[in-house]
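Working notes, beginning with the structure itself.
Please treat every number below as a calculation from the coordinates, not as lab data. This structure is a prediction, so every number in the text was calculated from the model and none was measured. With ideal geometry, Cβ positions are generated from the backbone for all residues, glycine too; neighbour counts draw on all protein chains shown.
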Amino acid sequence: MSGKPKIGVWVCECGGNIGDYVDVQRVVEAIRPEVAYARRERYLCSKPSIENIKRTVQRLGLERVVLACCTPKMHRETFASNLEEVGLNRALLEMVNIREQCSWVHKDDPEGATQKALDLIRGGIERARVSKPLEAKRAKSIPEVLIIGGGVAGITASLRLAEYGLRVHLVEKRPSIGGHMIQYPKVFPTLDCSQCILTPKMASVSNNPNIDLITYAEVVEVSGVPGEFHVKVRLKPRGVNPDKCIGCGTCSRVCPVEVPSEYNMGLGPRKAAYIPFPQAVPSVYTIDFEACTRCGKCVEACPRDAINLDDEERIIELDVGAIILATGFELYDANDLPRYGYGRYPQVVTSLEMERILDVNGPTGGQLINPKTGKEFKRVAYILCAGSRDTENGKPYCSRVCCLYALKQAQLLLDRGVEVWIHYIDIRTPGRRYEEFYLETQRKGALFVKGKVVELIPEGDRIIVRGEDMMLNRIVENPVDLVVICPPVIVTDETHKLAEMLRIPVDEDGFILERHPKLDPVATKRDGVFACGMVLGPKDIQTTTAEAEAAAMKAVNFLSAERLIEPNKAYLIDPELCDGCGECVEACPEAAISIVDGKAVINEVLCSGCGACIPACPKGALDQQGLTEEQLKAQIRGILERSEADVKILAFVEREVVYTAVDLAGLARLEYPSSIRIIPLPSMSRLKLEHILYAFAYGADGVMLLEAPEHEGPYGKAHVISEERADDYRWELEDHGVDSFRLWYSRVYVPDWRKLKKVFTTFHDMIADEGPLDDETRAQLREELD
Amino acid sequence: MIVDVEEIDSRFLRRLKSEFDESYLSCFQCGVCSASCPVIEIEGRFNPRRLVKMARLGFKDRVLSSEYIWLCSMCLLCEERCPQGVRIPEVMTALRNLAVEEGYIPEPMRRIQRLLVESGRLYPIDDFTAEERAERGLPEVEAEPEFVKRLAG
């Protein structure tokens, strides 16, 4: 395929959809002398037409195909796969949109529409002339998954993946898996025993040969790419050899040091040589080196010689294909909610502390005693929304589980003769069997007061809860023995650091941002990284488990498919041209470029194809597959050079979000001036000043850059870069004798399609008023560019 | 009592919005303001939460004619504690301004105004006070300040 490739062009009438407004016959006649074959079709997408195209390609040995019809989003895939059957590489197919972006929007201007269709097709032809075949590369992923967090979410996902046959590395920061769920005596709405249902699953994790359980450890570094992540994990010094430890507990019995137990929320003690709770997994003791006095009693006592007080931390490395983040939640620090007196008044406990008080294995052995005072309690008040739904002092969101766990604790207390008052703003029970559970709590005798609690006033052993009872329009002062506050659930401390390491965004409340909040809720914004449970937002165990199953499935899906590496990557034209200045490294929003031995090296997997690096290179050493400099210029020139339109405006549009918006404007038959000619690009950051000058040199009177908003479309940060560049370009245009008003930049959301009519019309009117760019400037620009 | 929705005045709602910011629209009726309010301890029928609710619903005449909007002591405790950032004392001030515009001024307020118009002061500066001031080295004050009279008029 050297020299002049043989090009075939088909122009569709789409019944009357195109043919009624664009003189298709005239267009075909005009281009016939320029190509090997040109034909009009009534319906190009019909089966006979497609078969005809295939036969013609074979008969005439056509090397490029240009199809002028509806939006490529409609039938491109059909045409491309059919043409592949007759040996035409899909990169050699050019689609020209003359329906949504031409005939449907210029119904009142058939002459303009016909000229525009002809221009757009010429752009397609010229671009096709310099196209090259491209092959998408494929890569296999490492069939192993890292799961961060060993709560019910991480446990569920691990078991599911191991069952499927994938190798799982489950990393947990504490000495045992189990998370928060193992701290609860009962769970709503079934009131079944939390430990009874979770313990067997924890045991399965430790027994499953496919699960590599790494406890008392933290992920410290993640590098590589989706499908091939390299992970460093820091193993905290445990002081006990897990292979030797038989879990007999001798070390703990002889240990003289006592510190507050994390498992019991600090309400009871544990030893410095400890196991967090009896059914811990792994059943291995841990030396808490922060508390340990190194007296050596445990070393002497250990019958297995398993203890080493000089143990040091170690870093291990893992290679995995996918990562699931399941780091769960913690409660907002109740000390930061001074209104509720936590830390000041011993009669105030958090809901998590109450879980431990209610547990037969808790700090009070299940007796209804406040461990902070040692006194029995007979009358308890719950304060809901203690910091949740509070934009001023706490978190603005609803923590979603507090209503239900307060109802659960209330039932457990009521069953044992305790009087329970629940101070609430709204009781929210969205979930199966939850409203019934609320009703059951009322039947058992809980007393509900609608109104947020404003203060706590200690009075002797008791404490007075003050709030309005809005139903009675009266202020209530309720003296109780114990106050249980329900602070907001928030992401854990280390989540933010992990999110940065994994390069996934979080929302304003710190929760992990989903790829799509409705339609892709357990995928993160990055390929190969998934999340489940509370790290995605407050939720109950049922939903957490469902999300864990879903995240496991997403990981399986991701790892089993060979990853297609789209042929849209930036590449170095010639290593000789590159002097390793690193400008491209700075520009790349994906961190896909590095300088190796003084030359830019582009990671094909990381490169998203946004094109932002190409204008950054001062040597012009970079180009992009499928959208080469040569192709882009050929298309610009093809569209403009021979056009006879009075006003010519070239609009570069971001090809996912904005292009869709422009198509929608077509679908709605919004009329706008036929001067607008569109070229889709991955992002406006792909454009060099040179391209814009080129457009002006060959006939454009105005150039528009319509970019997607930062958080829409696949290229995110590239859209920010493009805005900065457009600002610079505007000034530089003036230096080349082109008024800066001739360059328009704006961002368009998909729902903005209604506004496009106004955007296009406004710019057209302005350019038309000012008149075309003068020939002298054009001639000068051509001279400069050649 | 049945609420008569015919009483709702949408112009009043627009007026309220333009009179101050829209923060009061985010009130979700939690009762923090009422339970924090020191005025309630003295006058149990005063309830800022209900006033905000009624204003929010657009019961113009009921709200503006209510003497309760004049009872807020502007202590700002509710504002400090409101979880939704509603500045209730400012709502009260706006309601008072609108009430005056509509001619709803409670009799005690009228009396205060009359006093100010007539004498420029709520409490007269008598010889005793003047002497006390002089003893403490405070400057002399106008017995009946004209500018206050003009303002109050």
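Please report A:669, A:730, A:642, B:136 as a ranked list, fewest other C-beta atoms within 10 angstrom at the top and most at the bottom.
Going from sparsest to densest Cβ surroundings: B:136, A:669, A:642, A:730.
List the residues, sorted by chain then number, that are 5 or more residues from residue A:600 or on another chain and whose placed amide H is less than 5 Å from its amide H.
Under 5 Å from the amide H of residue A:600: A:580.
Going by Cα centres, segment A:453-498 and segment A:39-74 are how many Å apart?
Here the two parts' Cα centres lie 71 Å apart.
From the backbone phi of segment A:217-224, what are the Karplus-calculated ³J(HN,Hα) couplings (6.51 cos²θ - 1.76 cosθ + 1.60, θ = phi - 60°) in whole Hz, Gly and Pro given as x?
Working through the residues one at a time gives 8, 9, 6, 10, 7, 10, 10, x Hz.
Got a sec? Charge dipole of segment A:233-343, +1 on Cβ for Lys and Arg, -1 for Asp and Glu; which of A:240, A:282, A:250 is way out at the positive end?
Checking the options against the dipole of segment A:233-343, the answer is A:250.
Cut-off under 21 Å on the C-alpha distance; same-chain residues fewer than 8 positions from residue B:17 excluded. Which lysines are left, in chain and number order?
B:53, B:60
Give me, ordered by chain and number, the residues 5 or more places off residue A:169 or on other chains with an amide H under 5 Å from its own placed amide H.
A:145, A:146, A:147, A:212
Search the structure for amide H atoms under 5 Å from the amide H of residue A:225, placed 1.01 Å from N in the peptide plane, and list their residues when 5 or more places away or on another chain.
It is A:230, by chain and number.
Place a +1 charge on the Cβ of each Lys and Arg in the protein assembly as shown and a -1 charge on the Cβ of each Asp and Glu, then give the dipole magnitude about the Cα centre in debye, rounded to the nearest 20.
Dipole size: approximately 3400 debye.
Which value results when the Cα radius of gyration for segment A:9-96 is divided by 2.2 N^0.38 Å?
Compactness ratio reported: 1.01.
What translational diffusion coefficient, to the nearest whole µm²/s, does segment A:553-642 have by Stokes-Einstein, given a Kirkwood radius computed over alpha-carbon pairs, a temperature of 37 °C and 0.692 mPa s viscosity?
226
Specify the residue with the greatest mean-square fluctuation among B:132, B:80, B:19, computed from a Gaussian network of chain B linking alpha-carbon atoms under 10 Å apart.
Result for chain B, Cα springs under 10 Å: B:132 fluctuates most.
Got a sec? How would A:277, A:188, A:763 order by Cβ neighbour count within 10 Å, fewest to most?
A:277, A:763, A:188
Once you have all Cα-Cα distances for the protein assembly as shown, histogram them in 10 Å bins from zero and send the whole-percent values.
Percent of Cα pairs in each bin: 2, 9, 14, 15, 15, 14, 13, 10, 5, 1, 0, 0.
Mind checking the dipole of segment A:18-106: about its Cα centre, +1 per Lys or Arg Cβ, -1 per Asp or Glu Cβ, Debye to the nearest 20?
Using Cβ point charges on Lys, Arg, Asp and Glu, segment A:18-106 gives about 160 debye.
Ranking A:333, B:9 by Cβ neighbours within 10 Å, fewest first, what do you get?
A:333, B:9
Per-residue HN-Hα couplings for segment A:534-541, Karplus 6.51 cos²θ - 1.76 cosθ + 1.60 at θ = phi - 60°, whole Hz, x for Gly and Pro?
Once rounded to whole Hz, the list reads 4, 5, 9, x, x, 6, 7, 5.
Relative to the longest principal axis of the C-alpha atoms of chain A, give the angle of the C-alpha long axis of helix A:657-667, reported between 0 and 90° and rounded to the nearest 10°.
Approximately 60 degrees, to the nearest ten.
Based on the alpha carbon coordinates of segment B:5-102, what radius of gyration and maximum Cα-Cα distance (Dmax) apply, in Å?
According to the Cα coordinates of segment B:5-102, Rg and Dmax are 12.4, 35 Å.
Cut-off under 20 Å on the C-alpha distance; same-chain residues fewer than 8 positions from residue A:297 excluded. Which lysines are left, in chain and number order?
A:244, A:271
With a 10 Å cut-off between alpha carbons and a GNM built on chain B, which of B:16, B:57, B:115 moves the most?
Checking each option, the largest mean-square fluctuation is seen for B:115.
Picking from A:476, A:442, A:351, whose Cα lies most toward the positive end of the charge dipole for segment A:333-488 (charges on Cβ: Lys, Arg +1; Asp, Glu -1)?
Positive-most Cα among the choices belongs to A:442.
Can you give the Rg to Rh ratio for segment A:646-786, taking only C-alpha atoms and Rh from Kirkwood?
That ratio is 0.96, to two decimals.
Please give the helix A:47-60 orientation as an angle from the longest Cα principal axis of chain A, in degrees from 0 to 90, rounded to the nearest 10.
60
For the cross-link pairs A:54/A:107; A:73/A:619; A:73/A:755; A:47/A:73; A:648/A:688, which exceed 28 Å when the distance is taken from alpha carbon to alpha carbon?
A:54/A:107; A:73/A:619
Would you kindly derive the ³J(HN,Hα) couplings of segment A:275-291 from the backbone phi angles with the Karplus curve 6.51 cos²θ - 1.76 cosθ + 1.60 (θ = phi - 60°), listing them in order in whole Hz, with x for Gly and Pro?
Rounded to whole hertz, the list is 10, x, 7, x, 8, 4, 10, x, 7, 10, 7, 9, 9, 7, 5, 6, 9.
In whole percent, what relative contact order does segment A:1-134 give with Cα contacts below 8 Å and a gap of six or more residues?
31
Please state the Cα pair-distance histogram of segment A:333-488 with 5 angstrom bins from zero: what percent is in each bin?
2, 10, 20, 23, 23, 15, 7, 1, 0
Would you mind checking the pairs A:408/A:539; A:518/A:554; A:186/A:539; A:137/A:599; A:201/A:236 and listing those with alpha carbons more than 19 angstrom apart?
Beyond 19 Å: A:137/A:599; A:201/A:236.
Less than 14 Å apart at the alpha-carbon level, and either on another chain or at least 8 residues along: which aspartates and glutamates does that give for residue A:6?
Answer for residue A:6, where 14 Å is the Cα cut-off: A:34, A:63, A:94, A:126, listed by chain and number.
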